[in-house]
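The values are calculated or read from the model by the stated rules, or taken from the named source; none is laboratory data. These numbers come from a predicted model, not from an experiment. Because the Cβ atoms are built from the backbone with ideal geometry, glycine has one as well, and the counts that use them run over all protein chains shown.
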Ligand code: NAD
Ligand code: DAU
């Protein structure tokens, strides 16, 4: 593993992963990204002048374009972050998630197979297990019960990855991460949305009763988990990555308001997400057995994240005034009714 194609590397986790890897290894990283609304070239500004970094604009559904990037840059490993990632958008417009998350993953696998790549790593999600009743935790061999177009597309992608391992002998691994928070997180997702709204004294929209639970992990902890699996994971295997600690959305919102010194009256309960998963919870013992452990508690992760949004209005303000505004009105006007 020397020359990595990092698909979706201009997005939230992908860009954090690029910075993480460039700091630690002498690998060449080629980011391959379509630059959708969620892909921001500015997320990669700090890597721009690094001799170990190249950017290629391309779609993961375009097999010829993927193959030409692999050949031109002598890629030996693919790490697939590219996806349509927002559950609410997947409910409004399911075709895009199926196209990118299922067809796109297939095209990457096919390119890897045809060109004889040595490694393929798929970034997946704890959502493939579906909602988990307390006190249970999902283990890697549990059945998949995805319930949204997004989670179903990610589960579908995983099955194709596994099929390419079994059928064609491709050396694949998969990580299933819980909710990430940190720098460069597009403000359609709960933590950056709540933070940036609160900074502007705008309402914080809580879906349903706000008692849904998520395992919020700091993005570099997730990157470290992927790094460990890339280097020490077993071919054909999947690994959960998360803190193992769940927080209710309403408690997370109150903490953000406290960190910002804003009134709790900004909280506004709105119509729930269709098919909203109540709780995700991971058993991470398989990854911990490889020597990984989460470095941040929820409070530390949230504090660092909120601090980043306070310090970087130049990143999120332009986003919130563009395409985002139309999306926001459509998404939240429906919830008010
Ligand atoms: P993101 O939405 O911030 O970024 C997605 C990136 O993929 C963008 O740069 C976008 O331009 C690119 N992309 C989208 N469609 C593409 C296409 N057809 N071809 C090429 N590039 C395309 O996403 P994220 O939150 O960083 O998530 C990255 C990965 O991690 C995804 O696979 C997601 O399912 C998974 N994941 C995310 C989380 C989370 O909390 N954000 C948790 C677990 C797993
Ligand atoms: O669990 C991993 C997943 O986490 C990833 O696979 C997804 O790509 C990522 O988007 C994230 O999905 P969620 O749906 O959990 O994240 P989101 O930030 O959209 O929502 C977190 C919780 O907050 C969820 O229970 C819904 C709720 N929520 C969200 C928004 C945007 C609200 O109450 N209000 C909101 O406005």
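Every test in (1) surrounded by fewer than 19 Cβ atoms within 10 Å (Cβ to Cβ); (2) more than 17 Å from residue 215 (Cβ to Cβ); (3) under 16 Å from the mean Cα position of the chain (by Cα) is passed by residue 174 save one, and that test is (1). The condition of being surrounded by fewer than 24 Cβ atoms within 10 Å (Cβ to Cβ), under 25 Å from residue 146 (Cβ atoms), within 16 Å of the chain's Cα centre (by Cα) and within 15 Å of ligand 1 (Cβ to nearest atom) holds for only one of 8, 39, that being 39. Going by what's in this entry, would residue 75 be described as part of a loop (DSSP other than H, G, I, E, B), more than 11 Å from ligand 1 (Cβ to nearest atom) and in contact (Cβ under 8 Å) with a residue 40 or more places away in the chain? In short, yes. Do we have residue 243 as closer than 17 Å to residue 299 by Cα, in a loop (DSSP other than H, G, I, E, B), at pLDDT 95 or above and within 13 Å of ligand 2 (Cβ to nearest atom) here? For residue 243, the condition - closer than 17 Å to residue 299 by Cα, in a loop (DSSP other than H, G, I, E, B), at pLDDT 95 or above and within 13 Å of ligand 2 (Cβ to nearest atom) - is met. Going by what's in this entry, would residue 332 be described as modelled with pLDDT of 95 or more, within 14 Å of ligand 2 (Cβ to nearest atom) and closer than 22 Å to residue 215 by Cα? No; evaluated as a whole, the condition is false for this residue. Determine, yes or no, whether residue 179 is within 14 Å of ligand 1 (Cβ to nearest atom) and modelled with pLDDT of 95 or more. Yes: the conditions hold for residue 179. For the stretch 280-291, state whether one or more residues are closer than 26 Å to residue 319 by Cβ and crowded, with 21+ Cβ neighbours inside 10 Å. Looking for residues that are closer than 26 Å to residue 319 by Cβ and crowded, with 21+ Cβ neighbours inside 10 Å, one finds none in the stretch 280-291, hence no.
All of 128, 191, 161 fail the test of being under 18 Å from residue 221 (Cβ atoms) and either part of a helix (DSSP H, G or I) or more than 10 Å from ligand 1 (Cβ to nearest atom) (or both), apart from 191. Picking from residues in the stretch 265-297 that are out of contact with any helix residue (DSSP H, G or I) (no Cβ under 8 Å at 6 or more places or on another chain) and in a helix (DSSP H, G or I), the one that is farthest from ligand 1 (Cβ to nearest atom) is 265.
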